[in-house]
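Read through the structure below, which is laid out as structure tokens, and then see the notes.
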Amino acid sequence: MEYGRQASIVRWMTACFHCGLPSPERGRRVHFLLGAERVFCCAGCEAVACTIVAGGFETYYRTRTAPAIRGQGRNYSEDQPADDRSDASLILEGLRCSACTWLIEQVLRKQPGITRAHVNYATRRAQLAWDPAKTDLRSLVAAIRSVGYDATPYDPQRQEEAHRRERRSALWRLFIAAFGAMQVMMYAFPAYVSDGELSADAAEMMRWASLLITAPVLVFACQPFFAGAMRELRHRRLGLETPIALGLAGGFAASAWATIAGTGEVYFDSISMLAFLLLAARYAQLVAARRATAVLDGLMRWTPSNALTPGQHVTVPPGERVPADGVVEQGVSSADESLLTGEARPVTKGAGDTLIAGSVNLEQPLVMRVTRAGADTRAAAIARLAERAASEKPRLVEAADRIGRLLTGVVLVVAIAAGLYWGNAWIAIAVLVATCPCALGLAAPIVLTRANAQLLGRGALVTRSSAHAALERVTDVVLDKTGTLTTGQLTLSQVVLLGHADAPSCIALARSLEASSRHPISRAFGPGASITLASVQHVPACGIEARVDGCRVRIGTERFCQDLVGRPAPSHPDVGVFLANEQEWLAAFALEDAPRPDAVEFLAALRKRGLQVHMASGDPLAGGMSPQDKHDYVERLQRAGRVVAMVGDGLNDTPVLARADVSFAMGSGADAAQLGADVVLTGNRLGAVTEAFDISRRAMRLIRQNFAWALAYNAVVLPLAALGWIGPWEAAIGMAASSIIVLLNASRPLTAKESWKASTSSSPSRSLSYS
């Protein structure tokens, strides 16, 4: 008795391969690793072990003298605290069509505490956000697995391995179906050409041989269709797998019965050919989706180092990627920043220049001082925004999904009615097979993913996929000036003294006040000694206030400083920045900001496309608009029926960027502006704006063409099949051809310079205002 109880405990509590802690049955994970199945106590240990092995460090497990500490992946831990991470990106396995994404989203959105659940069919990833007080990642992954899919935290190597497994499995199924279809066709061919001269025994042998060959085609090759139909049945919903599974199973059952009974027609050749065509179309979808995500995956696959800390000095050898954001301290070289900015030309880097995590040092070693590392880097922020765009589902796609589900219901009703009316099961099967709701699901995601990837390669990061529909309809473009049409690299060109202080003292005070600001003006006063300040306050779009030796001082707009002095400023030339204390006006500064080299060409390109261009600047010499003025200006345009795109860069542009129908933020601008924008210009290249208009318009045109084809095809083929004019074999060809046509159209060029391969796989003022 005692031994039996101990044995039971041993079976229930197995040591974790990584950390050695007991692993209870509940929550236990098994992973094939280093030639055997290994047991892990949690997903954290499993993820760490897989990373160690994938990195080529498996010797660690052979030479270690004690178990490792338990995996500390915050979102994997069984005892995840309530204040822990509340969002994640997951790799999904087992997706067969766009209906799978709908099912997973519905299951997740029913979970308590879930706040966002988006699944992208093309990238095979899910973006989740939840309330950590109500649920955790383990519960959400369990919900996904409960409906027959698998989910693991996003990791580039896992993603690549999942793609390889899926493609290998799809190829095997396609091979089995093709082999079976050819063999069955060999047995069916004599019956077609014999003109009744084939003997009864020979005909019966041919039928039985066809049955035996078709059976593994259905059991193995067609398993995804039946598994998907079972999932849809368990959740009491109609999906795209159900009609296909019913058609295959019904056709096989009818043919098998006819073979056993020795009477009636058999269509094993049609069933095998149908399976082959369906699987060929699915494989084409898989390859096309993979090609569409290739550029995005290049960004996602590289992750900034988490081992570095701000202030740390790091040497970057030639040919290596920069591990964090930083500033060059020693050395001269050039860097390839194309992964993040879309600019292919190398950028010269020397002492004082910035380095972007993810860029490649090309020539000489560089010593850099880390300013931001890990998840705080620009590369990580871009990756998060790209992932958000990939997982978002625009209204257009959601509408197509609803139409697809409605069409599935109509197909089932028509198939049953036609079969009963004609008394012929093969007509019902033809109806089930001929219609193609999945083409609707394919019509938009692949095009949108390709458009996002192409724009990213040109330095325009789409953060919301809904931006494409808005870009197609834009009539007016509203432009900020400083940092948008100009470089934002301000230089001090003139100092106008208004009080008793000398110029060096005023410049030093201005430099000290601006030292805590990220506004472009903060860099205009150059390096030098600082003055000790107290009670520093930033007033958006106005300026900065502080105390020096107990006296209040301000730098910023004329009105902001006048409120402190209590009287208007003395006469002065056109300047944009003022300095004052409580007793007197001190100085006024004229700042220069050179226009961007492509600004004039950009404005001409916008007008050439028929777009109305408006300037909305805070510069007093160019309008002097406050953030609220800009917001109200865009709102007036919208009330007049205009569709507005806004291009800005500063924190003060955030409200108007949110108000516009579609918005662009400069990559060198404020973080808040980038988070609120629909498109971020990672390379600060204005030409990427016009390219976004062109690519989005082309993409939306392809999507509408795909929708029109899918709807027209189903509207024509459904009644023909119901009338018996299309047999099962012809129905299979039509269904597969419909999907492939949609895929080919989705792969057409999105730009004039892109080669098509059919594959299934105004001059700105010199003086700048403070705002």
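The values are calculated or read from the model by the stated rules, or taken from the named source; none is laboratory data. Keep in mind it's a predicted model, so treat the numbers as computed, not measured. Note that we place each Cβ from the backbone using ideal geometry, even for glycine, and neighbour counts take in every protein chain shown. Surface areas here come from the heavy atoms of the whole protein model, side chains and all, with no ligands, DNA or RNA. Shrake-Rupley method; radii C 1.70, N 1.55, O 1.52, S 1.80 Å.
Data overview
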{"read-out": "Inter-label distance, nm, simple model (7 Å from Cα along the C-beta direction), Ser139/Lys110", "value": "1.5 nm"}
{"read-out": "Karplus (6.51, -1.76, 1.60) ³J(HN,Hα), θ = phi - 60°, over the stretch 689-698, in Hz, Gly and Pro reported as x", "value": "5, 5, 5, 5, 4, 5, 5, 5, 4, 5"}
{"read-out": "Two-site FRET efficiency, Ser517 against Asp549, from Cβ-Cβ distance with R₀ of 22 Å, rounded to 0.05", "value": "0.55"}
{"read-out": "Cα gyration tensor shape for the stretch 487-595, rounded if a/c is under 1.5, else prolate or oblate", "value": "rounded"}
{"read-out": "Whole-percent carbon and sulfur share, accessible surface of the stretch 487-595, 1.4 Å", "value": "50 percent"}
{"read-out": "Enclosed volume per residue, in Å³, of the convex hull spanned by Cα atoms of the stretch 87-154", "value": "65 Å³"}
{"read-out": "Accessible area in square angstrom per residue, the stretch 470-616, 1.4 angstrom probe", "value": "46 Å²"}
{"read-out": "Amide hydrogen neighbours beyond the local backbone of Gln330, cut-off 5 Å, H modeled", "value": "Val367"}
{"read-out": "Amide hydrogen neighbours beyond the local backbone of Lys349, cut-off 5 Å, H modeled", "value": "Ser333, Ser334, Ala335"}
{"read-out": "Where the stretch 313-373 is the region considered: accessible area per residue in Å², 1.4 Å probe", "value": "45 Å²"}
{"read-out": "For the stretch 87-154, accessible area per residue (1.4 Å probe, heavy atoms of protein chains only), Å²", "value": "32 Å²"}
{"read-out": "Efficiency of FRET between Ser199 and Ile416 - r from beta-carbon atoms, R0 30 angstrom, step 0.05", "value": "0.20"}
{"read-out": "Phi to ³J(HN,Hα) by Karplus 6.51 cos²θ - 1.76 cosθ + 1.60 over the stretch 719-725, Hz, x for Gly, Pro", "value": "x, 5, 5, 5, 7, x, 7"}
{"read-out": "Per-residue HN-Hα couplings for the stretch 537-543 [Karplus 6.51, -1.76, 1.60; θ = phi - 60°; Hz; x = Gly/Pro]", "value": "10, 9, 10, x, 6, 10, x"}
{"read-out": "Virtual spin-label span in nm between Val367 and Glu320, 7 Å along Cα→Cβ", "value": "1.4 nm"}
{"read-out": "Inter-site label distance for Ile733 and Gln223 at 7 Å from Cα along Cβ, in nm", "value": "3.1 nm"}
{"read-out": "Accessible-area composition of the stretch 87-154, carbon plus sulfur, in percent [1.4 Å probe]", "value": "45 percent"}
{"read-out": "Long-range HN-HN contacts of Ser663 with modeled amide H, under 5 Å", "value": "Met646, Asp678, Val679"}
{"read-out": "Dipole magnitude of the stretch 313-373, debye to nearest 20 (Cβ charges: Lys/Arg +1, Asp/Glu -1, about Cα centre)", "value": "100 debye"}
{"read-out": "Apportionment of accessible area to carbon and sulfur, the stretch 313-373, percent (1.4 Å)", "value": "50 percent"}
